[in-house]
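Enquirer: Before I ask anything, let me first share the structure, which is written out below as structure tokens.
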Amino acid sequence: MRFLGRQIKVLGFWSTFKTLYVSLKATMNKNDDIKSICLDPVCSKCGNLAAKIEIVEPNAYPNDAIKWNAKDYVHYNKFRDFKSNYLIYSGPGGSNGFIGNPIDLKRKAALIDAFTKPYNAILIREQFYDMAGYCATCNKFYCSKHWYTTSSGYGKCPKGHSKSLDPHWSPDVV
Ligand SMILES: [Zn+2]
Ligand SMILES: [Zn+2]
């Protein structure tokens, strides 16, 4: 009887260990699958990011996933369609959260095109209403701190050029 009791105890330890090991392994694998394209433009004034533009590849996680806890992973896995590319955006006019939105290959190519030099104001405007902090007159990017925003939703670049930074920004505006 004593022997049997010890055996059950050992089995109990083993199953706890196995559960821990499997969940740890799953988390580690997820961290290995970080695969994304970052097109983040930099502020000409201070060098901080003017906007965060990250395209997360299918079956992959964004860069920030290294900092996530288990709850973040559960939330992400629940809402993310892993077959699709995802766009994570945050700019002077708004953000679409830490999961982002699915995008097709056409939008992916257009995004890369718009945020690769030489910049074209029309192509940038087609991607984001706030233009990721781009001032067409200066041909430069500025962060939200260097766009002086007014209550009417208008922003002014450090040179005084103004444009609308829509407070009702939507990721679906193309
Ligand atoms: Zn700045
Ligand atoms: Zn300007």
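Enquirer: Quick one: in region 77-106, of everything that is surrounded by fewer than 17 Cβ atoms within 10 Å (Cβ to Cβ) and either part of a helix (DSSP H, G or I) or aromatic (Phe, Trp, Tyr) (or both), which residue is farthest from the chain's Cα centre (by Cα)?
Expert: Applying the filter and picking the extreme gives LYS106.
Enquirer: Follow-up. So PHE141 fits all but one of (1) modelled with pLDDT under 90; (2) closer than 23 Å to GLU54 by Cβ; (3) within 16 Å of ligand 1 (Cβ to nearest atom); what number is the exception?
Expert: (1)
Enquirer: In region 107-133, what count of residues is obtained for those that are part of a helix (DSSP H, G or I) and either under 27 Å from ASP72 (Cα atoms) or of a type outside the set (Asp, Glu) (or both)? If you could, list the steps in order and put the result at the bottom.
Expert: So the first thing to find is which residues in region 107-133 are part of a helix (DSSP H, G or I), and the list is 107-114, 121-127, 131-133.
Narrowing the set further to residues that are either under 27 Å from ASP72 (Cα atoms) or of a type outside the set (Asp, Glu) (or both) leaves 107-112, 114, 121-125, 127, 131-133.
Qualifying residue count for the region: 16.
Enquirer: How about region 22-63: which of its residues are assigned to a strand (DSSP E or B) and either under 15 Å from ILE88 (Cα atoms) or modelled with pLDDT under 95 (or both)? Full working, then the answer.
Expert: First, pick out the residues of region 22-63 that are assigned to a strand (DSSP E or B): 34, 36-38, 42, 49, 52-56, 61.
Listed by number, the residues that qualify are ILE34, SER36, ILE37, CYS38, LEU49, LYS52, ILE53, GLU54, ILE55, VAL56, TYR61.
Enquirer: Within region 147-154, does at least one residue satisfy the condition of being at pLDDT 95 or above and among the hydrophobic types (A, V, I, L, M, F, W, C)? Give the derivation first.
Expert: Looking only at region 147-154, we keep the residues that are at pLDDT 95 or above, and these are none.
Checked region 147-154: no residue is at pLDDT 95 or above and among the hydrophobic types (A, V, I, L, M, F, W, C).
Enquirer: Residues being in a loop (DSSP other than H, G, I, E, B) and either over 23 Å from ALA114 (Cα atoms) or not polar (S, T, N, Q) (or both): count how many of those fall in region 137-162.
Expert: Filtering region 137-162 down to residues in a loop (DSSP other than H, G, I, E, B) leaves 137-139, 142-143, 147, 150-153, 157-161.
Cutting the leftovers down to either over 23 Å from ALA114 (Cα atoms) or not polar (S, T, N, Q) (or both) gives us 138, 142-143, 147, 150-153, 157-161.
Adding up the residues that qualify gives 13.
Enquirer: For the list (1) over 25 Å from LYS67 (Cβ atoms); (2) surrounded by fewer than 17 Cβ atoms within 10 Å (Cβ to Cβ), I need the number of the one condition that GLN127 fails.
Expert: (2)
Enquirer: Hey, another quick one. So LYS117 fits all but one of (1) surrounded by fewer than 13 Cβ atoms within 10 Å (Cβ to Cβ); (2) more than 16 Å from ligand 1 (Cβ to nearest atom); (3) on the phi > 0 side of the Ramachandran plot; what number is the exception?
Expert: Unmet for LYS117, out of (1) surrounded by fewer than 13 Cβ atoms within 10 Å (Cβ to Cβ); (2) more than 16 Å from ligand 1 (Cβ to nearest atom); (3) on the phi > 0 side of the Ramachandran plot: (3).
Enquirer: Any residue that is away from ligand 2 (no atom under 16 Å from the Cβ), under 23 Å from GLY47 (Cβ atoms) and of a type in the set (S, T, N, Q) - is there at least one of those in region 138-154? So that I can check it myself, show each step before the final result.
Expert: Initially, region 138-154 is screened for residues away from ligand 2 (no atom under 16 Å from the Cβ), giving 151-153.
After this cut, where a residue has to be under 23 Å from GLY47 (Cβ atoms) as well, the list is none.
Looking through region 138-154, none of the residues is away from ligand 2 (no atom under 16 Å from the Cβ), under 23 Å from GLY47 (Cβ atoms) and of a type in the set (S, T, N, Q).
Residues checked against (1) within 19 Å of TYR129 (Cβ to Cβ); (2) among the basic types (Lys, Arg):
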{"position": "LEU39", "(1), (2)": "yes, no"}
{"position": "SER44", "(1), (2)": "no, no"}
{"position": "GLU57", "(1), (2)": "no, no"}
{"position": "ASN69", "(1), (2)": "no, no"}
{"position": "ASN85", "(1), (2)": "no, no"}
{"position": "ILE99", "(1), (2)": "no, no"}
{"position": "ARG107", "(1), (2)": "yes, yes"}
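The values are calculated or read from the model by the stated rules, or taken from the named source; none is laboratory data. Computed from a predicted structure; not experimentally measured. Note: ideal-geometry Cβ built from the backbone for every residue, glycine included; neighbour counts use all protein chains shown.
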